[in-house]
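The values are calculated or read from the model by the stated rules, or taken from the named source; none is laboratory data. Small disclaimer: the values here were computed from a predicted structure and weren't measured. Cβ: placed from backbone, ideal geometry, glycine included. Neighbour counts: every protein chain shown. Each accessible area value is taken on the protein alone, full model and side chains, heavy atoms only, with ligands, DNA and RNA left out. Shrake-Rupley method; radii C 1.70, N 1.55, O 1.52, S 1.80 Å.
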Amino acid sequence: MSLQNPTLVLNCGSSSIKYALISEDGETRIEGLAEALGNADARIKHKNLDGSKVEINIPNSGAHTEALKIILGELIGEYKPVAVGHRVVHGGDKFTKATKINAEVLAHIEELASLAPLHNPANAAGIKAINELFPQLPQVAIFDTAFHQTMPAHAYRYAIPKALYEEHHIRRYGFHGTSHAYVSNRASQLTTKDGKHGWIVAHLGNGCSATAVYDGQSLDTSMGITPLEGLMMGTRSGDVDPSLHALLNRTLGLSIGEIDTLLNKQSGLLGVSGISNDMRNLEQADKDGNQDATLALDMFAYRVAKYILGYTAALPELTGVVFTGGIGENGAEMRAKIVTHLKHLGAKFDTAKNAQLFRGAEGSFHTADSALEFWVIPTDEEYQIAKETKEVLGL
Ligand code: ADP
């Protein structure tokens, strides 16, 4: 195992930092998580190169800078990263690809906090901490939104007055771009079909989104100006009637803030089942005869299938569907439920092959006579961020 010229990948949240140090070939990596930053019990859970684990408390209630000082010092200091790739959630319409960070780029990322108030300030804090501690290290921002900047206007515009778009950048942006880019590219490597490929990627984790990708370009995606739009998720409602805000306010007196919390944190699988946002718990409850769990699972599958069928309209040709994310990668029962809705597309799948795809397995489960392919591809956002970081820097 060698870790020469590694890239450090950082995903900075408001109270956490996920990090991965990745070798040039992407095969070797050291990973960890700093959590509870800002609290007295701030700590780092770190996995060494040999797989052994350590947990360290961070003194001074652990702001981002304190945590990164320890991570880049005693934990990975000996490996000397050549660059840092940051996951940045919102790139607005300014950033259409991964971008080397300088003062101007950082300022734009901070400005875009108006579109991603929870995420962009935390991403910026991580960038500033590296600037302070290791000013010589080149940094690159990889935006969740950038991959979707190839969407045509008829997919990214909302049907609302155009001044809102022209003056205030109100449009659909989409998220999970790094994941959609990675798995669609990987599917094109794996298929035996020649020519250009049209994929519909279903990224199904706690957050869920579907994307239509043709010849490596995103043509439509289900999340919008925020990650609430589109599919039903763990705790997010996905699509609802946009008048719901006004109605809930009028009839129940809920404030805009309360409705936002309700739709983002108390809805989705959790809201419908009343049990859990975790697919595994719902599948168990369904087997135990809980009808709310059954309905939550049926709604989840039906809504994913509706998006898949809808996105056939976006693609010049359809090669297949790719499943990824915790549910997409592991949930064979849910995949089967979704694919069963696609019969009018000529979809046929192999039940035994589907059941074998979980816990990091990569493979297909369509039958030889299916009109479209079905792939399960574990996502690897860290690898994709490291790859794009090196491409931008010419390393
Ligand atoms: P995040 O979006 O937070 O990164 P993940 O991609 O890890 O989330 O996905 C979490 C989801 O994956 C949860 O709903 C979890 O229940 C689901 N999941 C994990 N393992 C399985 C499994 N074996 N079967 C079904 N669902 C699973």
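Tell me the volume per residue, in Å³, of the convex hull enclosing the alpha carbons of the stretch 123-268.
Normalising the Cα hull of the stretch 123-268 by residue number yields 169 Å³.
For Cα pairs less than 8 Å apart in space and 6+ apart in sequence, what is the mean separation divided by the residue count of the chain, i.e. the relative contact order in percent?
Working: 816 pairs, mean separation 53.6, N = 395.
It comes to 14 percent, rounded to a whole number.
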- Query: If you place +1 on the Cβ of every Lys and Arg and -1 on the Cβ of every Asp and Glu, how big does the dipole about the Cα centre of the chain come out, in debye to the nearest 20?
  - Reply: 320 debye
- Please list, in chain and number order, the residues 5+ apart from G238 or on another chain whose amide H is under 5 Å from its amide H, with Hs placed from the backbone. M233
- Express in Å², to the nearest 10, the accessible area of D93 obtained by rolling a 1.4 Å probe over the protein heavy atoms while all chains stay in place. 60 Å²
- So which lysines can K162 reach, going by Cα to Cα under 21 Å and dropping same-chain residues fewer than 8 places off? K94
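Cross-link list K53/K128; K45/K387; K196/K348; K18/K196; K53/K80: which exceed 32 angstrom alpha carbon to alpha carbon? Provide the component values of the computation, followed by the final result.
Numbers: K53/K128 28 Å; K45/K387 25 Å; K196/K348 22 Å; K18/K196 35 Å; K53/K80 20 Å.
Beyond 32 Å: K18/K196.
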- Task: Just name one of S114, L133, T251: the one whose Cα is farthest towards the positive end of the charge dipole of the chain (beta-carbon charges, Lys/Arg +1, Asp/Glu -1).
- Result: T251
- Query: On full extension of the chain, what length is gained from K128 through A107, given 0.36 nm per residue of separation minus the C-alpha to C-alpha distance?
  - Reply: 6.5 nm
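At a Förster distance of 56 Å, what's the computed FRET efficiency of S243 paired with N5, Cβ-Cβ distance as r, to 0.05? Intermediate results must be reported in sequence, preceding the final value.
On the way: r = 54 Å, r/R0 = 0.97.
Taking R0 as 56 Å, the efficiency between S243 and N5 is 0.55.
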- Query: Taking every pair of alpha-carbon atoms in the chain, what share in percent sits in each 20 Å bin, from 0 to the bin with the longest distance?
  - Reply: 26, 58, 16, 0
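Taking only protein heavy atoms into account and a 1.4 Å probe, give the accessible area per residue of the stretch 63-217 in Å². Let's see the in-between values first.
Details: 6570 Å² over 155 residues.
Accessible surface, normalised per residue, equals 42 Å².
In whole percent, how big is the carbon plus sulfur part of the accessible area of the chain, probe 1.4 Å, protein atoms only? If you can, show how the numbers build up before the last one.
Working: 9090 of 18030 Å².
Carbon and sulfur together cover 50 percent of it.
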- Any idea how far apart T367 and D215 come out in nm if each label point goes 7 Å out from Cα toward Cβ? 3.3 nm
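Which residues make up the longest stretch of the chain clear of GluC sites (Glu not before Pro) that lie in a DSSP loop with no more than 12 other Cβ atoms within 10 Å, not counting the sites?
On the way: sites that count: E27, E317.
Formally, the longest exposed-site-free interval is 28-316.
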- Item | Three-way shape call for the stretch 45-140 based on the alpha-carbon gyration tensor, with the a/c threshold at 1.5 | prolate
- Query: In square angstrom, what is the accessible area per residue of the stretch 343-395 with a 1.4 angstrom probe?
  - Reply: 53 Å²
